[in-house]
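Reading through the structure tokens given below for one structure.
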Amino acid sequence: MFGLGIRSKIRNLLHKPRPYRSIVIESTDRCNLLCVTCPRLSYDYKPRDLSMDAFRNLIPTLKNYDNVDLTGWGEPLLHKGLFEMIDISHDQGCTAGFISNGTLLDDRRGRKLLEHKVNWMFVSIDGADPGTFSGIRVGGDLGKVVKNCKHFVELRDEYRTAEYNGPFLSTTFTMNRANMPEVPDFVELASDIGFDQIHIKNQDVVSKTNDVQQILFPFSDDQPEIPYDEMKSKFAQARLIAEERGTRLLLPTFEYGFTKTCNPMQQGGVYIAATGEVSPCVNLGHPTPRMMPDGSYLENTGLIFGNVHDEGFDAVWNSAKWTKFRSDFESEIVPEACEGCQLLRKSEFHITDSGPKTAELRKVAV
């Protein structure tokens, strides 16, 4: 009998890559926390869930993607239809997962996720100290999140079978001036929990004046001096801890400036908001403000190509506006709507492999 690792490798070899890696479908923009870094606090919005009818109408579209990401700017575990969305994604041959804040990941929900064979889950935890954590993730409790995640790791072992190895589990730590000194402690904490991967990253969206004061990458002349020496020291400590514990660690680089490569566009460049509105990515999928390095302020950076409630996805995809947008990126022309977007920073993660377009998540989480 083949081991789980060999079975997975064989499935990957036999898998025929689809045209695109991943489609992002925001299950909900409701959230139970008020994180200070969240762009939702930058504009007036009405919380809502994507209807199951709207999701089912996307079934023909899913066949073009390897993976379905059910994340947006809300907490997916609040959506009552989340488990059905995972099942539908699987029925169309896709992997499925989402990003969570971990506060609702109790025993009941954890077991349901495993019963429905979720393929991956990332948990956002922005602190190793309870006070730092609650100061950033307002309304959250670090102790509760750690307890939930440890229990879910144990449940994953319980639910593993010859056909289902459980979800790939990663944690994301969005770094700012308040929590950067805790990076080594966080790597130790996350490895103790049992995450497969630890991702330390910079803030993607700079939508508020306070964001400029907190970010740790060159942005404008108005921001405080960046403590590079301390950051390098903390990163070195974090790498050592990760190596000793055999944990995969992703860190931002110190290569600054901008690139014409966009990770969401590499993945497939589709974001469907809970409203049904279609755009290229989460940053353009909402009426989010954007602070600019020259001190100017864009009040609304939303770029909407259509709405799946009003017309079919194919009609939106083939519209002249969206076709030109994709064509510009393919020609390494950054569209006007993306100017100043922090997802184009060189210090962030970009796909560099030249192999099949199959999502990396499929390789580790089938």
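Computed over the chain, relative contact order equals 20 percent, with contacts defined as Cα pairs under 8 Å that lie 6+ residues apart.
What the phi angles of the range 263-277 give under the Karplus curve with 6.51, -1.76 and 1.60, with θ = phi - 60°, is a coupling list of 4, x, 6, 5, 6, x, x, 9, 9, 10, 6, 4, 6, x, 6 Hz, glycine and proline written as x. Peptides 173-179, 325-331, ordered by how many other C-beta atoms sit within 10 Å of their residues on average, highest first, read 173-179, 325-331.
In the range 80-238, the C-alpha radius of gyration followed by the widest Cα-Cα span (Dmax) gives 17.5, 56 angstrom. Averaging the inverse of every distinct alpha carbon separation and then flipping it gives the Kirkwood radius. What is it for the range 82-157, in angstrom units? Final number for the Kirkwood radius of the range 82-157 is 13.3 Å. Within the accessible area of the range 223-314, the carbon and sulfur atoms contribute 48%, probe 1.4 Å, all protein chains present.
For Val153 and Asn318 in one chain, what is 0.36 nm times their gap in residues minus the Cα-Cα distance, to one decimal in nm?
In short, 55.2 nm is gained.
Ranking Leu41, Leu78, Leu303 by solvent-accessible area of protein heavy atoms (1.4 Å probe, all protein chains present), from largest to smallest, gives Leu41, Leu78, Leu303. For Rg and Dmax of the Cα atoms in Å, pick the label among (1) 19.9, 63; (2) 20.9, 70; (3) 24.2, 95 that corresponds to the value derived from the coordinates. After the calculation, the listed value that fits is (1).
With the whole protein complex present, Arg111 retains an accessible surface near 70 Å², based on a 1.4 Å probe. Going by amide H atoms built from the backbone, whose H comes under 5 Å of the H on Lys260, apart from near neighbours? Under 5 Å from the amide H of Lys260: no residue qualifies. In this label model, Asp91 and Ser296 are separated by 4.8 nm, measuring between points 7 Å along each Cα→Cβ vector. For Leu249, the residues 5 or more places off, or on other chains, whose built amide H falls under 5 Å of its own are Ile198. Taking a ≥ b ≥ c as the square roots of the eigenvalues of the Cα gyration tensor, the range 296-347 is oblate, since a/c reaches 1.5 or more and a/b is not larger than b/c. Fully extending the segment from Arg48 to Glu255, taken as 0.36 nm per residue of separation minus the present Cα-Cα distance, adds 70.7 nm. Surface analysis of the chain yields an accessible area of 45 Å² per residue, using protein heavy atoms and a 1.4 Å probe. Between the amide H of Val270 and those of Val24, distances stay under 5 Å, these residues lying 5 or more places away or on another chain, with hydrogens modeled in the peptide plane.
Model label sites at Arg326 and Lys346, defined 7 Å from Cα along the beta-carbon direction, differ in position by 3.0 nm.
Using r as the Cβ-Cβ distance of Val138 and Ala162, and R0 as 35 Å, what FRET efficiency do you calculate, to the nearest 0.05?
Step by step, r from the Cβ atoms, then E = 0.20.
Rounded to the nearest 20, the Cβ-based charge dipole of the range 142-274 about its Cα centre (Lys and Arg +1, Asp and Glu -1) stands at 280 debye. Within the accessible surface of the range 62-182, defined with a 1.4 Å probe on protein heavy atoms only, the carbon and sulfur portion equals 49 percent.
The values are calculated or read from the model by the stated rules, or taken from the named source; none is laboratory data. Please read all numbers here as calculations on a predicted model, not as lab measurements. All Cβ positions, glycine included, derive from the backbone under ideal geometry; neighbour counts span all protein chains shown. Note: accessible area is taken over every heavy atom of the protein model, side chains too, but ligands, DNA and RNA are not part of it. Shrake-Rupley method; radii C 1.70, N 1.55, O 1.52, S 1.80 Å.
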